[in-house]
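No value in this document is a laboratory result; all are computed from the given coordinates. Note that this is a predicted model, so its numbers are computed, not measured. Reconstructed Cβ throughout: ideal geometry from the backbone, glycine too, with neighbour counts over all protein chains shown.
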Amino acid sequence: MESVFIIATIIYMFSCACYFGYLFFQKSILQRSAIGLMAAGFALHTVSLVACGIRAGNFPVNNLHETLSVTGWAIAAVFLVFFFKYKLKILGIYAAPLITLVMIAAYQMPRPVAQNPQLLKSWWLAAHIVTIFLGNAAFTLACGLGILYLLQENAIKKKTRGFFFSRLPSLDLLDTTGYASIVVGFSLITIGLITGIVYAKAIWGRFWSWDPKEVWSAITWLFYAALLHERLTVGWRGRRAAIMAIIGFGVLLFTFFGVNFLLQGHHGTFTAM
């Protein structure tokens, strides 16, 4: 289903172009076209992943190409849910380019056959991967919302109705949505880590092996747990919460990419955590 993947990528690119048009010209038709194209691209992307999984006989994360494809899919899925929940029209200016770049990167990656395909044939692993990728996607959007918050805060401090002031929503809405993204992401990766531990016990005979991916996944989980704890007990909000969401995304990126390429372990490039 390579052709469907390519078509989905092209549609994401058009959605990205419409969002940039909406950012500059503020025409509702451009925003409606952008979200419609995003939904269409997501639907085709889903078909591509399902076909790929059926062909391989397991969840389609057999190589870096498929892993990045699932990453783009997860970001699109969470973005669409948050768009219809919070009506943050401008969030697409962050999500659409990111999804497009991930899809283009995925297209460039080789498609080697998985060395241990039997390891991927497990419902526990499927639950682990889906929840981890969706959780990471929610953290990715939290980072974007943090960036938008800082931009809007800067515009307000300047006391001038600059470029971003009239285009971004209120600081309260950005902060609330960013918090919701982190809550959703934290809940999902908690489920993902639990299912991953169960799967590890079934495959390797132990719940924990101090694999670099496991260690950094735990660090990521602890970081966001601390962020949520401080918000609920100390009242971390606004600028501080936005900055921490951006830093957390940096930790997440290292867990996703850095551990895979710099450290050795029994996790391959097929899992985000």
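Specify the angular offset, from 0 to 90 degrees and rounded to the nearest 10, of the alpha carbon long axis of helix 171-204 from the longest principal axis of the alpha carbons in the chain.
That helix lies at roughly 0 degrees to the long axis.
If a/c stays under 1.5 just call it rounded; otherwise compare a/b with b/c (prolate if a/b is bigger, oblate if not). Do that for segment 1-117, with a ≥ b ≥ c from the square roots of the Cα gyration tensor eigenvalues.
It is prolate, given that a/c is not under 1.5 and a/b is the larger ratio.
Classify the chain as rounded, prolate or oblate, taking a ≥ b ≥ c as the square roots of the eigenvalues of its Cα gyration tensor: rounded when a/c is under 1.5, otherwise prolate if a/b is larger than b/c and oblate if not.
Judged from the Cα gyration tensor, the chain comes out oblate (a/c at least 1.5, b/c at or above a/b).
Can you classify segment 58-147 as rounded, prolate or oblate using the Cα gyration tensor, where a ≥ b ≥ c are the square roots of its eigenvalues, rounded means a/c under 1.5, and otherwise it's prolate if a/b beats b/c and oblate if not?
Numbers: a/c = 3.22, a/b = 1.72, b/c = 1.87.
In terms of gyration-tensor shape, oblate.
Each residue of segment 129-138 in turn: what ³J(HN,Hα) in whole Hz from Karplus with 6.51, -1.76, 1.60 and θ = phi - 60°, glycine and Pro shown as x?
5, 4, 5, 5, 5, 5, x, 5, 5, 5
Out of residues 5 or more away from Ser122 or on other chains, whose amide H comes under 5 Å of its own, with H placed 1.01 Å from N in the peptide plane?
HN-HN under 5 Å from Ser122: Phe59.
Mind checking the angle between helix 238-253 and the chain's longest principal axis? C-alpha axes, 0 to 90 degrees, to the nearest 10.
30 degrees
Tell me which lysines have Cα within less than 19 Å of Lys27's Cα, excluding those fewer than 8 residues away on the same chain?
Lys87, Lys89
Based only on other Cβ atoms within 10 Å, what is the fewest-to-most ordering of Leu145, Leu150, Leu227? Before the final figure, lay out each step's value.
Details: Leu145 30, Leu150 17, Leu227 21.
Ranking Leu145, Leu150, Leu227 by Cβ neighbours within 10 Å, fewest first, gives Leu150, Leu227, Leu145.
Over the chain, with a Gaussian network built from C-alpha contacts below 10 Å, which listed residue (Leu252, Leu232, Leu91) shows the highest mean-square fluctuation?
Ranking Leu252, Leu232, Leu91 by mean-square fluctuation puts Leu232 first.
Where is the GNM fluctuation largest for the chain (alpha-carbon springs, 10 angstrom cutoff): Trp236, Trp73, Trp210?
Comparing Trp236, Trp73, Trp210 in the GNM, the peak value goes to Trp210.
For segment 140-146, what does the Karplus curve 6.51 cos²θ - 1.76 cosθ + 1.60, with θ = phi - 60°, yield as ³J(HN,Hα) per residue in whole Hz, taken in order and with x for Gly and Pro?
5, 5, 4, 4, x, 5, x
Read phi for every residue in segment 220-237 and hand back ³J(HN,Hα) as whole Hz from Karplus 6.51 cos²θ - 1.76 cosθ + 1.60, θ = phi - 60°, with x for Gly and Pro.
Running phi through 6.51 cos²θ - 1.76 cosθ + 1.60 with θ = phi - 60° gives 4, 4, 5, 4, 6, 5, 5, 4, 5, 4, 5, 5, 6, 9, 9, x, 4, 9 Hz.
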